[in-house]
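These notes are about the structure you will find just below.
The values are calculated or read from the model by the stated rules, or taken from the named source; none is laboratory data. Just so it is clear, the model here is predicted, and its values are computed rather than measured. No Cβ is skipped: glycine too gets one built from the backbone with ideal geometry, and neighbour counts run over all protein chains shown. Accessible surface is based on the protein model in full, side chains and every heavy atom, while ligands, DNA and RNA are left aside. Shrake-Rupley method; radii C 1.70, N 1.55, O 1.52, S 1.80 Å.
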Amino acid sequence: MLAQTLSASLLGVDGVPVRVEVDVAFGLPSLTIVGLAGSQVQEARERVRSALRNSGFELPARRITVNLAPADLPKDGTAYDVAIAVGILAASGQLPDDTHLAKVALLGELALDGSLRPVIGVMSLVAAAQAAGIVAVVVPAGDETEATCIAGIDVLPATRLGDVVAHLAGVRPLPAATPSAAPAWAPPVGVPDLADVIGQATGRRALEIAVAGRHNLAISGPPGVGKTLLARCAEGLLPPLEDHEASEVSRIYSAAGLLDRRRPLIRQRPFRAPHHTVSTQALVGGGPRVRPGEASLAHRGVLFLDEALHFRADALDALRQPLEAGSVTIARVEGALAMPARFSLLVAFNPCPCGWLGSSSRRCQCDEGQARRYAGRLSGPLRDRLDLWITAEEPRHANLDGAEPSSAVASRVRAAWHRQLARQGVANGELVAGPQAGAVELPALLETLLRRRGVKFHLSPRRLQRTAAVARTIADLAGDEGVRGEHIDEALHYRPEAAA
Amino acid sequence: MIGVSAGVDAGPPPTRTPAVDERTGWRDLDLGGLDPDDERPFWVALSLVPGLGPVGFARILRRHGSARAAWASRSLLDGLPRLVPDAPLALRRLRQRGAPAVARRVAANLAQVQGSIVTALDPAYPPALGMADPRPPVLYASGDMAAFAAPAVAIVGTRRATGYGRSVAQELADELARAGVTVVSGLAIGIDGEAHGAAVAAGGRSVGVLPSPLDRIYPPRHRELADRMIAAGGALLSEVAPGTVIGRPDFARRNRIIAGLAQAVVVVEAPDRSGALLTAAAAVQLERELFAVPGPIDSLASRGCNRLIADQLAAVVTSSAGLLTSIGLASRRLPISVATLSDPEARVLYRLLEKPRSVEELLPITGMATAALASALTLLEARGLVTAYGGATFHPTLAARRIGQPR
C-alpha cells in the first residue's frame, strides 16, 4: 500500500518542499530509504523503528521503501523523521483517516521514545511549506516561536509522535501556536562606543560614511592605535533591520543552527568578525552539508576582518564573489546553490610586517620588498572593491576631549539610510556593486570634476564610480539633495594611496 | 678627518683605511706621457682583476710606468696588499684572452647601452674626480659627458626616507637644478630618487652613480627615472664593467665616487647606520664641503644628520637658498604666480607651510570639521600643492612653498 506525507529539506539557507512516499509491500522485512538520502537520513531508519514501537505502534514486517522526492536533490538532516514515521503508519493502515496528510507538512526529529526533537532551519523549512501552498505545519515543541515568524501557515507544535498521529487522525487536534509579538529593536549592548575611541577623526568619519552607505572600508595603521576598537564600533552604528531583511537574516541564522529559539526574529544587523585562521569554507560557506559561512552570517550587516593580510589568500579571494554579486554560490556535482551574502566589508591591517611603515614616531624594520609583498597579500580585485581607505594615526596628536558618542552618529546614519532607501530602494554602496551596477547620477559639472580628479590621481573607472557613490553618501549624511564638489573632494580623500 | 669614524657607526668608515701616503697615491703620479688610446685596453683589463682597487692600481702604475708595461710583467701582482685569493688565477685567465680582446668585449657590452669607457687618462674623465685621490682608474659612463663640466652637488640620504626628507630632497634638488648645478646621487630608492626626479623635473642635469653595471640598473624600479635623466642631458656612471655578474653591489665604493664628483655633499636624511654617512665620510676625506639637513631630534631618520651637525663635521642647511649661497651660487628663484585658493584651502595650506601636519593635528588649529578638512586636502593635493607621501602626514610641495604664505 502506498502513502505520501509532506516535509521540507534545507538547501543552503533555503527550504525546499519534499514529498515522502512510503510503499509497504510483501517481501522480506526491510526498511529502505532512497532519494539521495545522506547518512543522517539513513539513520532515521533506526530512530523511526524505535520511536514507532515505543509510541505503541507497529513497524510492519514487510518490505518498506521510503522515497524522498524530488529524488535528484541531495538530502541530509533529521527533519524527515516524523514524516517518514507517519508515512509508514499510513501505508500500513495504522492511520485510518489520511485526508490531512496532503495538507499538513511534518517536521521534526524523532527520539527513540517517540518524542519530537527540534531541528535546524525551521524558519526556512516552514517558509518553503507556506510557499508551496500547504496550510499547516507540525513542528517540534520549542520550534514554534521560530516557525510562527512565517505568516500564512498554521503552526502546530507537538511533543510526541502519538500526538501528531492523533491530530492527523482527527482524534485530538493540536492547538495552533499564536505568533508572539515581534520584539522591538534595542541598541546592542556590550559593544564599544565611539566615545571611547581616542582621536581617529578621519577614522570615525570614514566609519560613519561606510556604515551609512554600506561601503567597504580599509583601515591601515601601526599596531595598537585603535584600529580594531574603531572597527568594532561599527556594530553600534548599524540601523535596525527592515522587516523583510529581518526574516532573511533570521533564516540564515536558523539554517546555521545559530538562532536563539526563544527570540528567533533578528532585528539587529549582524556584525561578524571571524579570526584570521578561518578556513575558506567557514568564511564563505560550503562543506559536505552546505552551511552558511561568515559571509552569509554577515548578510545585511558588517563582515570585519581584523589583521586582514593574515587571512588565507584563497579565503580573501573567495570574498570577491559575494562582494560583487551579494551572494555566495557553492558549486556541487548536483548543481550550484546560492546563499545570500550582501555585507559591508571592513578590513584592518598593518601596512608592513612590523607595522610601522610610514609612521613618524617609529622606524619601520622591514625591508622594502618585504613590505611590498606584505601589502600585496590584498589582491588587486579585492582592493578595487574597498571604497574607503584610511590610515589610522597614532593618538599622540589626538584631541582627548569631546569625542562624539555612537548614539549621535547612529542617528545620522539612520537618517542618511532612510534617504537612500526612499530615493533608490538600496544603499549607495549597493548601487555600484554587482554586474547590474548602475551609475550614481551626478550633475555634468561634477562628472567633469570627478573625471579630472581621476586623471590627476590615476584612478580607474571603477574607483571613480565608487568614489561617486561615497560622495552620494556624504551628501546624504549632510542631508543634501544633490551631490556637491566638496562631497566629491571629501570622498577622494579616502582613496587608496599608491603606497598603501 | 679621523673624527668622522667617531660619529659614524656604519660599517668600516673609509677613514679607517690607511691614509694615502705620497708614494702610493695618485696626486703626484705622472701620467702625462701616456697615450690614452694605447693604454685603454690594459687599464680596462687590469681593472677587472678582482680585489685590485684604485690604490693598488696607482702602485702598479708607479712601479711599471704604464699599464701596458705592467700587463707584460711577471711580477705584476707582487707587493700588492689585500688582493683576493683568486686574483692570480683571474689574472692568468685575462692574460690568456689578451687585453685588447677583453677591452673589446667590454666595449661591445657597453655599446648596447650607449655607454663608453672613460679612463683617468681620458679628457672626458670627470674633472672633479680627476682631483680626487684615490680616483677610480676606469669608469663606464652613458649620457652626456658635459654634465660633469658644470658645478655639481651631491644629494644623498636614506632609502627609508620620511615625508620630510623626501620633501626637502625635492626642494634642494629643484633649487640647485634651476641654478644650473648638476645634481649627483646614487639612484637609490628614497632621498636619491627624489633628488634625481626633482632635478630632472626642473629641467636640470642629474648624474646617477650606480652600484651595479650600466646594463643592469639597480634598483630596477628606477630604470625609467634613469632614462629621464639621460634624456634631460644627465649621465649615468658606474665603476663596474658591463656584463660583469656582481654579487652584492659595492655601495661603499659607489659612495666615494658620488662624493668625488661633487663640490659639496648634502646629507638630507640619514639614520644612525646609513650608507649616506659613508658618503659623508668620503666627502670629508676628499675635502669636499659637507652639509647636513637638520631634522627633529626625535626622528630616527635624522639622527645621522643631526650628529654630523653636532660633531661639526657638516654645515647646517637652513634653506635651499642658503645652501646655494654657501656654495657660491645665488638663488635664481623664479617668481611664481599665486594660485587662486578658496579660504579653507588657504587656511590649511598656511598651516602646512608652517610645518607638515596630520589631519589629527590640523583639526584643532584650523577649527574645521573633519569632512571639510578632508575635502580641502584633496583639493590641495589635486592642485599639486600638498602631498602625503603615502602616510598620514601632509607636506606642502615645492609649488606651495613658492606661493609662500597665501593671504
**Item:** Sole residue being under 25 Å from A:LEU230 (Cβ atoms) and of a type in the set (D, E, K, R), chosen from A:GLU441, A:GLU430, A:GLU447
**Value:** A:GLU430
**Request:** Output the qualifying pairs, or none if there are none: Cβ atoms under 8 angstrom, residues six or more apart or on different chains, first residue in region B:23-43 and modelled with pLDDT under 90, second residue of a type in the set (Ser, Thr, Tyr).
**Result:** B:LEU34/B:SER66; B:PRO36/B:THR119
**Prompt:** Which residue, of B:SER358, B:SER337, B:SER375, is of a type in the set (S, T, N, Q) and either open to solvent by 20 Å² or more (accessible area, probe 1.4 Å) or at pLDDT below 85 (or both)?
**Reply:** B:SER337
**Prompt:** Tell me, which residue of region A:461-478 that is away from chain B (no Cβ under 13 Å) and in contact (Cβ under 8 Å) with a residue 12 or more places away in the chain is most open to solvent (accessible area, probe 1.4 Å)?
**Reply:** A:ARG462
**Breaking point among (1) open to solvent by 20 Å² or more (accessible area, probe 1.4 Å); (2) within 14 Å of chain A (Cβ to nearest Cβ); (3) in contact (Cβ under 8 Å) with a residue 24 or more places away in the chain, for B:ARG205** = (2)
**Request:** Mind listing whichever residues of region B:378-397 are open to solvent by 10 Å² or more (accessible area, probe 1.4 Å), more than 7 Å from chain A (Cβ to nearest Cβ) and either part of a helix (DSSP H, G or I) or of a type in the set (Val, Ile, Thr) (or both)?
**Result:** B:GLU381, B:THR387, B:THR397
**Message:** Looking only at residues that are of a type outside the set (S, T, N, Q), open to solvent by less than 40 Å² (accessible area, probe 1.4 Å) and without any contact (Cβ under 8 Å) to a residue 60 or more places away in the chain in region A:274-286, which one is farthest from A:PRO74 (Cα to Cα)?
**Reply:** A:PRO274
**In region A:350-367, the residues that are under 18 Å from B:ARG303 (Cα atoms), small (Gly, Ala, Ser) and crowded, with 17+ Cβ neighbours inside 10 Å** = A:GLY358, A:SER359, A:SER360
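Sort through A:THR159, A:THR65, A:THR99, A:THR145 and tell me the only one that's of a type in the set (S, T, N, Q), open to solvent by 20 Å² or more (accessible area, probe 1.4 Å), more than 25 Å from the chain's Cα centre (by Cα) and more than 30 Å from A:PHE26 (Cβ to Cβ).
Values: A:THR65 fails: more than 30 Å from A:PHE26 (Cβ to Cβ); A:THR99 fails: more than 30 Å from A:PHE26 (Cβ to Cβ); A:THR145 fails: more than 25 Å from the chain's Cα centre (by Cα).
From the options A:THR159, A:THR65, A:THR99, A:THR145, the qualifying one is A:THR159.
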**Item:** One residue from A:LEU36, A:LEU11, A:LEU28 being touching a residue at least 60 places away in the same chain (Cβ under 8 Å), open to solvent by 40 Å² or more (accessible area, probe 1.4 Å) and more than 19 Å from A:VAL137 (Cβ to Cβ)
**Value:** A:LEU36
**Asked** Can you list the helices (runs of 4 or more DSSP H) found entirely within region B:28-77 that contain at least 3 residues being charged (D, E, K, R)?
**Response** B:36-47, B:54-64
**Message:** Restricting to region A:331-367, and then to whatever is assigned to a loop (DSSP other than H, G, I, E, B) and among the small types (Gly, Ala, Ser), can you tell me which residue is nearest to the other protein chains (Cβ to nearest Cβ)?
**Reply:** A:GLY358
**Asked** When region A:368-395 is examined, which residues are found to be open to solvent by 30 Å² or more (accessible area, probe 1.4 Å) and facing chain B (nearest Cβ under 9 Å)?
**Response** A:GLU368, A:THR391, A:GLU394, A:PRO395
**Request:** Taking A:ILE150 as the residue in question, decide whether it is within 17 Å of A:VAL82 (Cα to Cα) and in a loop (DSSP other than H, G, I, E, B).
**Result:** no
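From A:ALA37, A:ALA61, A:ALA44, which residue is small (Gly, Ala, Ser) and over 18 Å from A:ALA90 (Cβ atoms)?
Values: A:ALA61 fails: over 18 Å from A:ALA90 (Cβ atoms); A:ALA44 fails: over 18 Å from A:ALA90 (Cβ atoms).
Result of the check over A:ALA37, A:ALA61, A:ALA44: A:ALA37.
Which residues, taken from region B:294-321, are part of a loop (DSSP other than H, G, I, E, B) and either β-branched (Val, Ile, Thr) or open to solvent by 40 Å² or more (accessible area, probe 1.4 Å) (or both)? Even if it seems obvious, please write down each step before you answer.
Kept after step one, since they are part of a loop (DSSP other than H, G, I, E, B), are these residues of region B:294-321: B:294-299, B:311-314, B:317-319.
B:PRO294, B:PRO296, B:ILE297, B:ASP298, B:ASP311, B:GLN312, B:LEU313, B:VAL317, B:THR318, B:SER319, listed by residue number.
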**Request:** Might you let me know whether region B:280-293 holds any residue that is closer than 26 Å to A:SER359 by Cβ, within 14 Å of chain A (Cβ to nearest Cβ) and not in a strand (DSSP E or B)?
**Result:** no
**Message:** When you check A:GLU404 against the structure, is it of a type in the set (Asp, Glu), at pLDDT 85 or above and part of a loop (DSSP other than H, G, I, E, B), yes or no?
**Reply:** yes
**Asked** Limited to region A:144-166, what total is found for residues that are in contact with a strand residue (DSSP E or B) (Cβ under 7 Å, 6 or more places away or on another chain) and within 30 Å of A:GLY93 (Cα to Cα)?
**Response** 11
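Could you say whether any residue in region A:408-425 is in a loop (DSSP other than H, G, I, E, B), closer than 19 Å to A:ARG300 by Cβ and either touching a residue at least 12 places away in the same chain (Cβ under 8 Å) or open to solvent by less than 60 Å² (accessible area, probe 1.4 Å) (or both)? Please lay out each step first, then the result.
Taking region A:408-425 first, the residues in a loop (DSSP other than H, G, I, E, B) are A:425.
Retained after the next criterion (residues that are closer than 19 Å to A:ARG300 by Cβ): A:425.
From what is left, the residues that are either touching a residue at least 12 places away in the same chain (Cβ under 8 Å) or open to solvent by less than 60 Å² (accessible area, probe 1.4 Å) (or both) are A:425.
Within region A:408-425 (the criterion being in a loop (DSSP other than H, G, I, E, B), closer than 19 Å to A:ARG300 by Cβ and either touching a residue at least 12 places away in the same chain (Cβ under 8 Å) or open to solvent by less than 60 Å² (accessible area, probe 1.4 Å) (or both)), the answer is yes, since at least one residue qualifies.
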**Message:** Exactly one of these conditions fails for A:GLN321: (1) in contact with a Leu (Cβ under 8 Å, 6 or more places away or on another chain); (2) open to solvent by 30 Å² or more (accessible area, probe 1.4 Å); (3) away from chain B (no Cβ under 14 Å); (4) outside any strand (DSSP E or B). Give me its number.
**Reply:** (1)
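Listed here are the residues, each with its yes/no results for (1) under 22 Å from A:GLY285 (Cα atoms); (2) at pLDDT 95 or above; (3) open to solvent by 40 Å² or more (accessible area, probe 1.4 Å); (4) not small (Gly, Ala, Ser).
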position: A:GLY224; (1), (2), (3), (4): no, no, yes, no
position: A:HIS244; (1), (2), (3), (4): no, no, yes, yes
position: A:SER247; (1), (2), (3), (4): yes, no, no, no
position: A:ILE252; (1), (2), (3), (4): yes, no, no, yes
position: A:ASP260; (1), (2), (3), (4): yes, no, yes, yes
position: A:ARG267; (1), (2), (3), (4): no, no, yes, yes
**Request:** Report, ordered by the first and then the second residue, all pairs with beta carbons closer than 7 Å, sequence separation of six or more or different chains, a first member in region A:192-205 that is within 12 Å of chain B (Cβ to nearest Cβ), and a second member that is surrounded by fewer than 22 Cβ atoms within 10 Å (Cβ to Cβ) and of a type in the set (Val, Ile, Thr).
**Result:** A:ALA201/B:THR370; A:THR202/B:THR370; A:ARG205/B:THR370
**Request:** Go through (1) buried (at least 18 other Cβ atoms within 10 Å of the Cβ); (2) in contact with a strand residue (DSSP E or B) (Cβ under 8 Å, 6 or more places away or on another chain) and name the single condition B:GLU194 misses.
**Result:** (2)
**Asked** Among the residues of region A:439-460, is there at least one that is at pLDDT 85 or above, under 20 Å from A:SER379 (Cβ atoms), away from chain B (no Cβ under 14 Å) and loosely packed, with under 15 Cβ neighbours inside 10 Å?
**Response** yes
**Request:** Please specify each residue of region A:287-307 satisfying the condition of being open to solvent by 10 Å² or more (accessible area, probe 1.4 Å) and more than 8 Å from the chain's Cα centre (by Cα).
**Result:** A:PRO288, A:ARG289, A:VAL290, A:ARG291, A:ASP306, A:GLU307
**Prompt:** Among the residues of region B:262-275, which ones are more than 13 Å from chain A (Cβ to nearest Cβ) and either open to solvent by less than 10 Å² (accessible area, probe 1.4 Å) or of a type in the set (S, T, N, Q) (or both)?
**Reply:** B:ALA262, B:GLN263, B:ALA264, B:VAL265, B:VAL266, B:VAL267, B:VAL268
